[in-house]
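Heads up, the thing below is written out as structure tokens.
The values are calculated or read from the model by the stated rules, or taken from the named source; none is laboratory data. Computed from a predicted structure; not experimentally measured. Methodologically, a virtual Cβ is constructed for each residue, glycine included, from the backbone with ideal geometry; neighbour enumeration extends over all protein chains shown. Just so you know, the surface numbers come from the protein's heavy atoms only, side chains and all, with ligands and any DNA or RNA stripped out. Shrake-Rupley method; radii C 1.70, N 1.55, O 1.52, S 1.80 Å.
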Amino acid sequence: MNPLQELLRRVPALLMARRNLSRNRIRSGLAILGIIIGVLAIASLGMFGTTLRTGADQQLGDIGNEISISPNLQEGVEELTDRDVDEIRRAVSDGAVVPIRSDAVLVSRGDQQTVTTIYGMENPGAIYEASDGRVPDRLRQGALVGSGTAELLDIEPGNTIAVDGRTYRVSAVLAEQQGISLVNPNSAVVLPMEDVNGTGYSQVVVSAESGQAANESAVAIREELNEREERVTVFELQSITAGIDQFFGILNTFLIGIGSISLVVAGVSILNVMLMSTIERRQEIGVLRAVGVQRGDIIRMILAEAGLLGTAGGIVGALFALGAGVALNSFVLNDPMATFQPINFFYVALAVGFGIATSILSGLYPAWKAANERPVEALRK
Amino acid sequence: MSHIIELQNVWKRYDTGGEVVEALRDVDFHADPGEFVSVMGPSGSGKSTMLNVLGLLDTPTEGTVFLDDRDVTDLSDRQMTARRKEFIGFIFQSFHLIPTLSALENVEVPTLFGDDPAARDRATTLLERVGLGNRLDHRPDQLSGGQKQRVAIARALINEPRILLADEPTGNLDQETGRSVLDLFDEIRREDDVAIVAVTHDPQLSDYTDRTVELVDGRIQ
């Protein structure tokens with residue numbers, strides 16, 4: 001005896017339910033189809049929301065994890081000093097502090113030249129990655145070139161460029177920064193700090209591990225530096241990204257709500273199917289009652305039928321939904337594997353659970369009705 | 001008392017929209033173990049109602065029902081269902097087998113919802129006894145009328161009842177097949193000491209029964 005037969009023998013309600021469903025395959029199939037569509041709608045709309053959010057997150061990048069501190073020009077503070085940077089370092093418990101000195105100068109390679117922004121940084125590795133070459137942890141010599149400037153002047157790592165009359169060897173071309181960035185390097189050149197004119201800093205970027213850490217740092221920096229006067233302005237995008245996240249949360253709930261409507265419709269169709277089939281089987285149910293089957297067992301049997309419809313529809317719907325998710329993500333994000341993340345499995349499980357629950361709920365009334373019919377009435381010819 | 005089932009002063013009234021129909025009027029009836037009783041009468045005489053009351057499928061308006069010397073008139077649905085399972089086997093004119101189940105599974109139906117691991121062996125033995133040992137896995141639509149009624153009889157016997165209640169057991173069978181079913185009844189009541197009460201129009205039943213009760217307009221004549 002195989003395990004399925006063993007299970008069916010142990011749970012007679014399931015055995016009877018399965019046989020009853022196989023009696024009218026087209027009708028059972030259509031009821032299952034309704035559940036499949038409902039589960040597919042909920043799960044795939046949920047995953048669609050995830051895809052939207054992932055796409056938006058890619059556009060925003062790590063911006064939520066970064067804050068920028070600038071001198072408060074309105075209070076007459078022209079630039080940040082070493083003392084300010086030390087205070088910022090003390091205030092930030094977790095994250096890299098990158099002071100930046102900036103200027104605009106002439107950059108040339110061979111006979112091509114352009115005016116670009118230059119940034120002086122000690123540790124650009126904390127906020128930038130190279131697309132070609134290597135970004136050193138400590139920048140002591142050489143230049144890092146933003147992708148836009150590199151393209152304009154046809155620069156590769158190893159080339160030599162002239163910046164404001166001095167020559168530098170290019171260590172790396174920086175990866176293009178997509179979307180919004182606090183200090184956009186695309187059309188800039190990054191040099192060692194002491195090679196940029198000036199003594200103070202035009203801004204300080206803090207790159208934290210998470211949006212929450214960034215927010216805590218921002219609060220600490222405001223307390224530390226703006227205690228007596230409004231010396232600095234602290235700019236953080238975390239509140240904006242949090243708002244965007246919240247929006248996508250609402251959007252997702254809305255989408256799933258729309259999907260649920262189709263599942264409710266499927267539930268009504270199961271109610272109809274179960275009601276028809278219990279009315280057709282009146283006499284049989286009467287016989288079962290006559291030979292000593294209790295009301296509760298009749299209810300269990302009919303709920304098992306509804307539950308089987310829901311389970312079958314749920315499983316098939318979940319498979320279709322994952323397929324739809326893979327198609328959507330490979331089309332929108334170019335990354336089919338983005339489907340297989342925990343939140344999407346949550347949506348699929350939610351949809352399947354909702355599908356099974358809807359089916360069983362829809363079976364309640366037919367089950368109650370069948371179990372409460374008097375066997376005498378049911379057996380009357 | 002040695003009666004396995006007994007009706008005392010049983011009345012059954014139906015209220016059909018203002019008009020009260022008396023289906024049973026002061027019926028006294030009993031059957032003993034091993035006894036074969038037929039209930040005859042024209043249609044509408046209350047035979048089916050009497051069988052339903054005997055089978056604990058219906059409750060009398062007045063009077064008392066004793067099963068195995070215990071008053072079972074006012075039991076709950078749950079208790080009645082349990083008593084039916086323990087004491088009573090039903091046989092119907094149109095067999096009422098479940099079309100999706102095999103012969104063997106149909107015989108097992110009364111035991112399905114309950115822990116009864118020996119049921120399959122008993123069902124097999126019963127089907128062999130009624131001459132269907134080679135039809136265990138056939139569906140009802142693959143069986144003849146007489147074979148279906150034999151499956152139904154095996155189903156009625158699966159819980160080793162003390163009473164068999166049969167509603168026109170030969171009504172859908174030709175005379176020869178009906179006779180073989182009645183032979184089987186005769187064997188069962190002798191070997192198993194089961195009381196058989198059959199409601200019928202079929203005169204050939206009287207060749208087999210110990211006594212015949214005549215019911216006219218709800219009264220025993």
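Would you look at the GNM of chain A, springs on alpha carbons closer than 10 Å, and say which of A:Leu33, A:Leu73, A:Leu333 moves the most? Highest fluctuation of the listed residues: A:Leu73. Count Lys and Arg as plus one, Asp and Glu as minus one, and take only other residues whose Cβ is under 13 Å from that of B:Leu57; the net charge is then +2.
Normalising the average separation of contacting C-alpha pairs (under 8 angstrom, six or more residues apart) by the number of residues puts the relative contact order of the range A:73-150 at 19 percent.
Placing unit charges on the Cβ atoms of the charged side chains and taking the dipole of the protein assembly as shown about its Cα centre, the candidate lying farthest along the positive direction among A:Ala349, B:Val37, B:Gln79 is B:Val37. Measuring with a 1.4 angstrom probe and ignoring ligands and nucleic acids, B:Asp174 comes out at about 90 Å² accessible.
The mean count of C-beta atoms from other chains within 10 Å of the C-beta of residues in B:55-65, rounded to a whole number, is 2. As a length-normalised measure over Cα pairs under 8 Å and 6 or more apart, the relative contact order of chain B settles at 31 percent. Overall shape: prolate for the range B:5-220, with the ratio a/c of the largest to smallest alpha carbon gyration tensor axis at 1.5 or above and a/b above b/c. Between A:Arg89 and A:Gln113, the contour length at 0.36 nm per residue exceeds the Cα-Cα span by 4.9 nm. Among A:Ala324, A:Ala13, A:Ala290, the largest mean-square fluctuation in a Gaussian network model of chain A, built with springs joining Cα atoms closer than 10 Å, belongs to A:Ala290.
The calculated FRET efficiency for the pair A:Arg374 and B:Glu160, based on their C-beta separation and a Förster distance of 30 Å, comes to about 0.70. The portion of the accessible surface of the range B:5-220 made up by carbon and sulfur, rounded to a whole percent, is 41 (1.4 Å probe; DNA, RNA and ligands excluded). Estimated at 0.36 nm per residue, the fully extended path between A:Glu79 and A:Val105 surpasses their Cα-Cα distance by 7.5 nm.
Near B:Ser45: Cβ cut-off under 13 Å, other residues only, Lys/Arg at +1 and Asp/Glu at -1. The net charge is +1. Other protein chain C-beta atoms within 10 Å of residue C-beta, averaged over A:370-379: 4. Structure remark: mean-square fluctuation, Gaussian network model of chain B, C-alpha springs under 10 Å; the largest value among B:Val199, B:Val39, B:Val20 belongs to B:Val20. Accessible surface buried at the B:A interface totals approximately 2600 Å², computed with a 1.4 Å probe on protein heavy atoms. Principal-axis analysis of the Cα atoms of chain B puts helix B:119-129 at an angle of about 90° to the longest axis. Taking every full run of DSSP H in chain A, the ones that stretch at least 18 Å from end to end by Cα along their long axis and average 0.0 or higher on the Kyte-Doolittle scale are A:25-60, A:238-280, A:295-332, A:342-372.
Shape class for the range B:7-80: oblate, because the ratio a/c of the largest to smallest gyration tensor axis (alpha-carbon atoms, square roots of eigenvalues) is 1.5 or more and b/c is at least a/b.
Packing-based ranking of A:367-374, A:25-32 yields A:367-374, A:25-32, ordered from highest to lowest mean Cβ neighbour count within 10 Å.
The value of relative contact order for the range B:20-144, using C-alpha pairs under 8 Å at least six residues apart, is 17 percent.
The overall shape of the range A:143-207 is oblate: from the C-alpha gyration tensor, with semi-axes ordered a ≥ b ≥ c, the ratio a/c is 1.5 or greater and a/b is no larger than b/c. Calculated mean residue ellipticity, 222 nm, the protein assembly as shown: -16000 deg cm²/dmol, from DSSP H runs (n ≥ 4) at -39500 (n - 2.57) each, averaged per residue and rounded to 500. If you count Lys pairs in the protein assembly as shown whose Cα atoms are under 24 Å apart, skipping same-chain pairs closer than 8 places in sequence, the total is 11. Peptides A:303-311, A:229-237 ranked from most to least packed give A:303-311, A:229-237, packing being the mean of other C-beta atoms within 10 angstrom over each peptide's residues.
Dipole size of the protein assembly as shown about its Cα centre, with +1 on Lys/Arg Cβ and -1 on Asp/Glu Cβ: approximately 2040 debye, rounded to the nearest 20.
Selection among B:Leu127, B:Pro140, B:Ala154 by position relative to the dipole of the range B:86-221 gives B:Pro140 as farthest towards the positive end (Cβ unit charges, Cα centre). Only protein heavy atoms count here; on that basis, with a 1.4 Å probe, B:Ser144 has an accessible area of about 60 Å². Annotation: amide H of B:Ser102 has no partner in the under-5 Å range at sequence separation 5 or more or interchain, hydrogens built in the peptide plane. Counting, for every residue in B:71-78, the Cβ atoms of other protein chains within 10 Å of its Cβ and taking the mean gives 1. Among B:Glu176, A:Glu87, the order of accessible area from largest down is B:Glu176, A:Glu87, computed with a 1.4 Å probe on protein heavy atoms.
The three principal axes of the C-alpha atoms in the range B:58-175 carry coordinate ranges of 45, 37, 23 Å, sorted with the longest axis first.
Quick check: net charge around A:Glu280, other residues with Cβ under 11 Å of its Cβ, Lys/Arg +1 and Asp/Glu -1? Here the charged neighbours net out to +3. The slack between A:Leu30 and A:Asn2, meaning 0.36 nm per residue of separation minus the straight C-alpha distance, is 7.2 nm.
Basic side chains Lys and Arg get +1 at the Cβ, acidic Asp and Glu get -1 at the Cβ, and with that the dipole of chain B about its Cα centre reaches some 440 debye.
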